[in-house]
Ligand SMILES: *Cc1c(COP(=O)(O)O)cnc(C)c1O
């Protein structure tokens, strides 16, 4: 065990090494504020999620110290190996989720953003019930109709939402999407329309509170088109250490 005095210099060296994150975070906040002042209402609240895949828990904790209050996790295994090292912080799941892995995360995340099938929603419902809770979910929309991406086609979102709304231990809380790279503005507009349309129907147990869209490359545009949760990895933490699988 080191004494407190011995620990402090280490902390300072570490903070210096992570200094770039402070600048990155400031820039993201500035850009969101700028986009918001041009296109959104003053009272709109836009949350920043720090996407943690491949990022060292020490750096994640440093981000939490700077004011980050929401983490986004992509991979169950990676999350389980890191979660005990995190400082207290809200965590949501944003990656592709296999039904047999739901049980591992059900008590550690506040929302699952990547629900694109009834089968997955039903398993979340089952595990939530078992743990005496209700899980917030977002429906993932494949807004660019890309074959390579998960998410459900925008034409099928309402039908899926209605089916899922019968499940008692899940709560539909909005939509999530990953638009194609360099997507035209109309793609973002379509997503915003869909989000509004479903919300205006005021359907039982279907709430459109969260529109999760925008990553490092497109968060300014996403804020222009109604996003209230941007998911940022690279622009906050720097380039990822190894390739995604
Ligand atoms: C990796 C990832 C992000 C963040 O991507 P960056 O371009 O690094 O900001 C956001 N959302 C999802 C679902 C991701 O997998």
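Here, each number is a calculation from the coordinates, and none is a lab measurement. As the structure is a computational prediction, the values presented were derived from the model and not from experiment. Cβ atoms come from the backbone with ideal geometry, glycine included; neighbour counts cover every protein chain shown.
Tabulated results
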{"read-out": "Taking 18, 79, 93 and counting other C-beta atoms within 10 Å, the order from fewest to most", "value": "18, 79, 93"}
{"read-out": "Sorted by Cβ density within 10 Å, fewest first, the residues 208, 58", "value": "58, 208"}
{"read-out": "By average C-beta atoms within 10 angstrom, highest first, the peptides 153-163, 106-116, 170-180", "value": "170-180, 106-116, 153-163"}
{"read-out": "Relative contact order %, the chain, counting alpha carbon pairs below 8 Å whose residues are six or more apart", "value": "20"}
{"read-out": "Packing rank of 209-220, 38-49, 117-128, where each peptide gets the mean count of other beta carbons within 10 Å, highest leading", "value": "209-220, 117-128, 38-49"}
{"read-out": "Sorted by Cβ density within 10 Å, fewest first, the residues 103, 17, 221, 202", "value": "202, 17, 103, 221"}
{"read-out": "D_trans [Stokes-Einstein, Kirkwood Rh over alpha-carbon pairs] for segment 166-227, 25 °C, 0.890 mPa s, µm² s⁻¹", "value": "198"}
{"read-out": "Three-way shape label, the chain, alpha-carbon gyration tensor, a/c 1.5", "value": "oblate"}
